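Before any comments, here is the structure.
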Amino acid sequence: MAEANFISNEELALQNDIAQSIARENEGRSLTFFVETFGCQMNVRDSETIQGELSEMGYTAASEKESADLILYNTCCVREHAEKRLMGNIGALKELYDRKPGMIIGVCGCMMQQDGVGEKLLKRFPHVSLVFGTNVIYRLPEMIRRVMNGERVLVKDRAGDSIAEGLPQLRDNPRSAFVNITFGCDNYCSYCIVPYVRGRERSRDPKDIRDEVASLVRSGITEITLLGQNVNSYGNNGTAGMTFAELLAYVSDVPGLKRLRFMSSHPKDLNEDVMQAIASLPNVCHHVHLPVQSGNDEILRRMNRRYTRERYLSIVRRLRELVPDIEFTTDIIVGFPGETEEAFADTMSLVDEVGFASAFTFAYSPRRGTVAAGMADQIPEAIKKDRLKRLNELQAKKTVENNAKYIGHEGEVLVEGFDCCGEQTMLYGKYQNFKMVYFPGDAGLLNRYVPVRVTKLSKNSLLGEMIHA
Ligand code: 5AD
Ligand code: SF4
């Protein structure tokens, strides 16, 4: 893990000054922004910072893309199809831009950190005037200023070792928030582009994390998810002065915090201390998102995951022993180079054995510059597709099995939303262990904690009723 390079207060103040001067110029112009986010929670969190900065510059959120004065795509490059979709989306904005030439169209995020991609984009799409990477978000005011001066701007930070604290943020969700604990990744799984685009792993200071959580809780948020590519390596090498297990304890006693979640966990680093923390801290949720990627030891070795199938299963067993109602979710890749039918069968048998509550499943997608992309024994697309289908069918069956355990279950649900079709308003929300349940109720209960009993199962979900005292 790298020593973080904290952006200085002088630099942050300078950016803030630029933002204020832009806000003064924008006064009375009612300018609006639309930020579209692709990919993972890291990007969602980054977009909240970007939106916060844009608000400081006098922009407000547009209700729809078509009416916005500034459109920004926050991109992902973990798998290939995201790129194709983005190019299509940007091409389609040309018509809008021609009708509204003063508008700003920008692209940021992981894909823009890849060599040559931002340059190519600016060349191909003259209506794009702003491109920036993941590690320079704090410089957005300066970039917008340059675009306003007629420049086409491309900014990225190749070192990727910085942390900027105290940036503004604009969050849409009043009940639940993501809080970064680490940035970047040092694990170099052989299929993964993230370490190349998001830079070295660096940890935030525990106090900055706790202060952010406390301030969110003061604003009414009660559910926090700590974010990192591998939360379990938080503070490795002593750079933050605390381990992840210690951080969980330190953050969990923020007064008013009802639910503390974290993701993603890495099986090579999830240790006994973390398991004990999950078992003993009352508001740490009984859910672990624990990407397994494959159930076969040889594939895991070639993926550079640095654990075995047995080690993975032993974590699952130990956590279930300590925390009987714990639920696991996972990420799985099929069709990794060299994956034989036997190796794939090991993934299927692991999925069968663990009984994940749910799984994100992917066909392996070669990423330029990664070790796996250069491996000789690439798997034909048709085989990947067939394995993905078989895996998804198995997981669908396992989800139903997992759901069946919940008949009669009672617990508090944090209400996330409602569906109004039909005669009754159906609310939905999650138990603390991440299981989602639907139940009839009043839309006024949105964002509240409600006791719910599961009464029956529908195809893939739990149905319940409110418990009245
Ligand atoms: N191909 C397919 N899936 C990938 N993931 C990461 N890189 C790739 C790739 N090249 C998946 C992993 C990871 C999740 C976020 O995305 O399963 O856990
Ligand atoms: Fe990618 Fe592995 Fe890092 Fe996750 S832990 S971001 S899969 S390199």
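Nothing in this text is a laboratory measurement; each read-out follows from the coordinates by a stated rule. All values reported here derive from a predicted model rather than from experimental measurement. Every residue, glycine among them, receives a Cβ derived from its backbone with ideal geometry; neighbour counts consider all protein chains shown.
Points to keep in mind about this one:
- Residues listed by number, segment 50-92, amide nitrogen under 17 Å from residue 20 label point at 7 Å toward C-beta: 53-59
- Applying 0.36 nm per residue to the separation of residue 448 and residue 207 and subtracting their alpha-carbon distance, the gain on full extension is 83.9 nm.
- The length gained by stretching the chain between residue 353 and residue 426 to full extension, at 0.36 nm per residue less their Cα-Cα distance, is 22.9 nm.
- The length gained by stretching the chain between residue 219 and residue 392 to full extension, at 0.36 nm per residue less their Cα-Cα distance, is 58.3 nm.
- Normalised by the number of residues in segment 217-280, the average gap of Cα pairs under 8 Å and 6 or more apart makes the relative contact order 46 percent.
- Reducing segment 305-322 and segment 154-199 to their Cα centroids gives an inter-centroid distance of 28 Å.
- Sequence-separation-based contact order of segment 288-405, relative, with Cα cut under 8 Å and 6+ spacing, percent: 30
- Each residue of segment 453-462 is assigned a 3J(HN,Hα), and the resulting list reads 10, 7, 10, 7, 10, 9, 3, 10, 10, 9 Hz, derived from the Karplus form 6.51 cos²θ - 1.76 cosθ + 1.60 (θ = phi - 60°), x at Gly and Pro.
- For trypsin sites (Lys or Arg not before Pro), the sites in segment 15-48 that DSSP calls loop and that have at most 12 other Cβ atoms within 10 Å are 29.
- Cleavage-rule hits, GluC sites (Glu not before Pro), segment 151-248, DSSP coil, Cβ neighbours within 10 Å at most 12: 151
- Segment 151-241, relative contact order in percent, only Cα pairs under 8 angstrom and at least six apart counted: 36
- In this simple spin-label approximation, residue 465 and residue 9 carry label points 7 Å from Cα along the Cα→Cβ vector, and these lie 5.9 nm apart.
- Between residue 123 and residue 64, the FRET efficiency from the beta-carbon distance, with R0 = 35 Å, is close to 0.75.
- Label-to-label distance, nm, for residues given as residue 412 and residue 99 (7 Å Cα→Cβ offset): 4.8
- Taking GluC sites (Glu not before Pro) across segment 406-469, the ones in a DSSP loop with at most 14 further Cβ atoms lying within 10 angstrom of their Cβ are 423.
- Using alpha-carbon coordinates, inclination of helix 381-404 to the longest axis of the chain, degrees: 60
- Other-chain or far-sequence residues with amide H under 5 Å of residue 413's (modelled H): 450, 452
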